[in-house]
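A.B. asks: Below: one structure in structure tokens.
The values are calculated or read from the model by the stated rules, or taken from the named source; none is laboratory data. Note that the structure is predicted; figures quoted are calculated from it, not measured. Every residue, glycine as well, gets a Cβ built from its backbone with ideal geometry; the counts of neighbours run over all protein chains shown. Just the protein is used for accessible areas: all its heavy atoms, side chains included, with ligands, DNA and RNA removed. Shrake-Rupley method; radii C 1.70, N 1.55, O 1.52, S 1.80 Å.
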Amino acid sequence: MTHRILILGGTTEARQLAGNLAARADLSVTLSLAGRTENPIAQNVPTRVGGFGGAGGLAAYLNDMRIDLLIDATHPYAARISANAAQAARMAGAPIFALRRPGWESVEGDRWTEADTVGEAVQAVGAVPRRVFLALGRQEVAAFEAAPQHHYLIRSVDPVEPKLAVPDADYLLARGPFRQTDERVLLGNHRIDVVVSKNSGGEATYGKIAAARALGIEVVMVRRPTLPDVPSAETVEALAAMVDHFVEPAAERGV
């Protein structure tokens, strides 16, 4: 029997998980990308790009394609997609697992100011003009138009269009991973006073956090949103093991 699996992706781990599961003859894996990145990295499994039209649209897709298992491996800040995924799974009566990498924890030497939202992060940077490194992704940076007194360095995978309506901003196009040594050079060359970041977790973008600690630079850290309570794992390997258990014949589980 072939089990049909839909992975909601957009993260490195989603791509790794898809490759891991696609190697199995008893699984048919499709990877879904939201389409926010203009030139996504090539995937190693059949891929669909674009939204589903909310929870109802996703539930209809799960039914129409006879999906046996939905895996939410989206970014930790894709709260709406995760909520829709959990709701769609309930509507379609389909099992759902989530792949959720752990967030970063502050360590000795870190100067973190935590904020619940990007709007709070704007306030946390303060009123006095500063040199701010925005490492948020292009969807969130527009909130900083409310604080035009700062100089901004903005890094994103795709161009920020339209550019921010602020008088002083530099733009840097780059795709991680970013090494700590390179991040130290970047922060130093641009004389950055404060880094604004989401708590993405993982190794690929931790370099800026470690570099800020080494240089004594403040980090305004946007906390993670609350995500649905569904069965989850923190690593690709652990989630692959959950899938193994899911597809085993009931007799092998001792049922």
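A.B. asks: Return the Rg/Rh value of region 112-222, two decimal places, where both radii are evaluated on C-alpha atoms and Rh is the Kirkwood radius.
C.D. replies: Numbers: Rg = 12.6 Å, Rh = 13.8 Å.
Taking Rg over the Kirkwood Rh, I get 0.92.
A.B. asks: Amide H of SER232: which non-local residues (sequence gap of 5 or more, or other chain) have their own amide H closer than 5 Å, using H built in the peptide plane?
C.D. replies: HN-HN under 5 Å from SER232: ALA98.
A.B. asks: Still on this structure, I have one more. Once neighbouring chains are kept in place and the probe is 1.4 Å, which whole percent of the accessible area of region 112-222 is contributed by carbon and sulfur?
C.D. replies: On the way: 2580 of 5000 Å².
Ligands and nucleic acids excluded, carbon and sulfur give 52 percent.
A.B. asks: Taking the Cβ of GLN180 as the centre, find all other residues whose Cβ is under 11 Å away and add up their charges (Lys, Arg: +1; Asp, Glu: -1).
C.D. replies: Combined, the nearby Lys, Arg, Asp and Glu give +1.
A.B. asks: Among THR11, MET1, ALA78, whose Cα lies farthest out toward the positive end of the dipole of region 1-113, if unit charges sit on the beta carbon of Lys, Arg (+1) and Asp, Glu (-1)?
C.D. replies: MET1
A.B. asks: I need the trypsin sites (Lys or Arg not before Pro) found in region 169-213, filtered to DSSP loop residues with at most 16 other beta carbons within 10 Å of theirs. Provide the component values of the computation, followed by the final result.
C.D. replies: On the way: sites: ARG175, ARG179, ARG184, ARG191, LYS198, LYS208, ARG213; in loops: ARG175, ARG179, ARG191.
In loop regions of region 169-213 (DSSP not H, G, I, E or B), the sparsely surrounded trypsin sites (Lys or Arg not before Pro) are ARG175, ARG179, ARG191.
A.B. asks: Let me know the charge dipole size of region 112-222 about its Cα centre in debye, to the nearest 20, where only the beta-carbon of Lys, Arg (+1) and Asp, Glu (-1) is charged.
C.D. replies: Values: 12 positive and 14 negative charges, 71 e Å.
It comes to approximately 340 debye.
A.B. asks: Using a 1.4 Å probe on the protein heavy atoms only, what accessible surface does HIS190 show? Give it in Å² to the nearest 10.
C.D. replies: 50 Å²
A.B. asks: What is the extension gain from THR2 to GLU237, computed as 0.36 nm multiplied by their sequence separation minus the C-alpha to C-alpha distance, in nm to one decimal? Write down the numbers at each step before the final one.
C.D. replies: Details: separation 235, 0.36 × 235 = 84.60 nm, distance 2.08 nm.
Here the segment from THR2 to GLU237 would lengthen by 82.5 nm.
A.B. asks: Quote the charge dipole size of the chain about the Cα centre in Debye, to the nearest 20; the model charges only the Cβ of Lys and Arg (+1) and of Asp and Glu (-1).
C.D. replies: Values: 26 positive and 29 negative charges, 72 e Å.
Computed charge dipole of the chain: roughly 340 debye.
A.B. asks: Starting from the amide H of LEU136, placed 1.01 Å from N in the peptide plane, find each other amide H under 5 Å away whose residue is 5 or more places distant or on another chain.
C.D. replies: Amide H to amide H, under 5 Å and 5 or more residues apart or across chains, LEU136 pairs with ARG155.
A.B. asks: Rolling a 1.4 angstrom probe over the protein chains, ignoring ligands and nucleic acids, what is the accessible area of GLU183 in square angstrom, nearest 10?
C.D. replies: 10 Å²
A.B. asks: Let me ask something additional. Using +1 at the C-beta of Lys and Arg and -1 at the C-beta of Asp and Glu, which of VAL196, LEU134, GLY216 has the Cα lying farthest in the positive direction of the dipole of region 112-222?
C.D. replies: Sorting the options by dipole projection puts first GLY216.
A.B. asks: Given the DSSP H assignment, sum -39500 (n - 2.57) over each helix run of at least 4 residues in the chain and divide by its residue total; what's the result at 222 nm in deg cm²/dmol, nearest 500? Write out the running numbers ahead of the final one.
C.D. replies: Details: 7 runs with 75 residues, N = 255.
After summing the helix terms and dividing by residue count, I get -9000 deg cm²/dmol.
A.B. asks: Something else: In Å and whole numbers, how far do the C-alpha atoms of the chain stretch along each principal axis, longest first?
C.D. replies: Principal axes ranked by extent give 65, 36, 30 Å for the Cα atoms.
A.B. asks: Here's something else I'd like to know. Highest mean first, what order results for 50-58, 103-111 on Cβ atoms within 10 Å? Please report the intermediate quantities before stating the final value.
C.D. replies: Numbers: 50-58: 15.6, 103-111: 12.4.
Descending packing order for the listed peptides: 50-58, 103-111.
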